[in-house]
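Starting off with a structure, shown below.
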Amino acid sequence: HLKGDLVKAAKLLESIHKHSGKSVRIGITGSPGVGKSTFIETFGRHLTAQNKKVAVLAIDPSSYKTKGSILGDKTRMEELAKDPLAFIRPSATRNTLGGVTTGTRESILLCEAAGFDFIIIETVGVGQSEIAVRNLVDFFLLLQLAGSGDELQGIKKGIMEMADGIAITKADGENLKKATQAQADFTHALHLFQLPDSGWNRKVLMTSALEKKGIEETINMITEYVRFTSANGYFEKNRHHQDIVCFHDCFNSSLLHLLMQRSSLEKSKKEMEKEIIAGQITPWQASRQLSNLMLDTLKKI
């Protein structure tokens with residue numbers, strides 16, 4: 001029963017909350033073809049070799065269409081999936097109360113309560129997922145592939161501003177020269193942005209999962225960031241901000257869920273949908289009317 005399950009889930013989250021918050025939460029994003037899975041697997045294996053427990057979670061808003069799992073997550077990271085110190089969650093975030101962010105946040109808390117040291121959140125969908133992930137993690141890593149020299153034009157300014165560090169992937173063989181140039185270009189580009197609220201001076205590293213190069217440096221960069229932001233108070237401030245965002249998300253979705261359970265509102269919503277399709281009303285008018293009906297319902301409670 002959905003209502004009963006939600007109550008049980010809420011109680012479970014409340015009971016584990018005091019055991020959470022001790023991990024380092026890392027968000028990793030990058031365009032398709034950047035070698036994200038290979039990088040995450042090599043990165044994760046490097047951490048488990050140091051006896052650290054690693055969880056990999058994926059966030060994919062596009063999976064709402066099918067409400068299914070991300071195909072092949074475990075096959076993409078076969079070696080890491082076999083590692084007893086690693087956990088890969090292959091299923092996408094389903095349409096939970098509070099949507100993508102809340103569902104993934106709950107998974108983070110469960111992994112922390114289970115004693116994981118590092119939690120990696122991988123963005124799979126393109127678009128809003130980067131913003132959602134940024135609000136869930138301590139460190140946001142952008143993976144970039146060195147290419148024809150025009151990658152700076154192709155990358156969204158907003159994603160670069162969100163990043164706490166950039167890793168140029170596949171910096172090996174014939175690609176090494178391009179990677180070196182890309183490192184210089186991105187370092188220069190970051191200097192054009194103002195210093196982030198954390199006060200952290202962002203770095204651009206060259207990495208190669210194939211040659212296991214730059215992986216240790218990436219881990220050291222993240223460790224240094226955690227140390228730096230813990231000392232200046234930003235780490236805790238950012239976690240508190242994320243808790244408030246979570247509170248707002250949960251409250252809004254819970255309130256909407258409670259109100260929409262009333263059959264009269266659900267019926268009105270369905271009627272308005274038909275009117276929108278028939279061109280009798282605009283989506284904005286329908287939204288305003290439904291909001292007013294909700295307000296009337298609240299007054300009667």
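Residues checked against (1) at pLDDT 95 or above; (2) out of contact with any Pro (no Cβ under 8 Å at 6 or more places or on another chain); (3) crowded, with 18+ Cβ neighbours inside 10 Å:
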residue: Ala92; (1), (2), (3): no, yes, yes
residue: Thr96; (1), (2), (3): no, yes, no
residue: Cys111; (1), (2), (3): no, yes, yes
residue: Ile119; (1), (2), (3): yes, yes, yes
residue: Gly127; (1), (2), (3): no, no, no
residue: Met160; (1), (2), (3): no, yes, yes
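Let me ask you something else. Could you list, in sequence order, the residues of region 169-197 that are in contact (Cβ under 8 Å) with a residue 40 or more places away in the chain and crowded, with 22+ Cβ neighbours inside 10 Å?
Thr169, Lys170, Ala171, Phe186
Working carefully through the options Val245, Val226, find the one that is modelled with pLDDT under 90, of a type in the set (Val, Ile, Thr) and closer than 30 Å to Leu109 by Cβ.
Val245
Among the residues of region 177-221, write down those that are assigned to a helix (DSSP H, G or I) and in contact with an Asp or Glu (Cβ under 7 Å, 6 or more places away or on another chain).
If the condition is that a residue be assigned to a helix (DSSP H, G or I) and in contact with an Asp or Glu (Cβ under 7 Å, 6 or more places away or on another chain), then Ala182 is the only one that fits.
Another question, if that's okay. Of these, Ser291, Ser253, which one is surrounded by 14 or more Cβ atoms within 10 Å (Cβ to Cβ) and small (Gly, Ala, Ser)? First the steps, then the outcome.
Working: Ser291 fails: surrounded by 14 or more Cβ atoms within 10 Å (Cβ to Cβ).
None of the others qualify; the one that does is Ser253.
Within region 256-275, take every residue that is among the hydrophobic types (A, V, I, L, M, F, W, C) and surrounded by fewer than 15 Cβ atoms within 10 Å (Cβ to Cβ) and give me the one that is farthest from Arg105 (Cα to Cα).
Met260
Could you grab the pairs with beta carbons closer than 8 Å, sequence gap of 6+ or different chains, first residue in region 277-290 and assigned to a loop (DSSP other than H, G, I, E, B), second one not hydroxyl-bearing (Ser, Thr, Tyr)?
If the second residue must be not hydroxyl-bearing (Ser, Thr, Tyr), the pairs left are Ile281/Met272; Ile281/Glu275; Ile281/Gln289; Thr282/Ile276.
The values are calculated or read from the model by the stated rules, or taken from the named source; none is laboratory data. Worth saying up front: this structure is predicted, and the values here are computed from it rather than measured. Ideal geometry is used to build each Cβ from the backbone, glycine not excepted, and the neighbour counts take in all protein chains shown.
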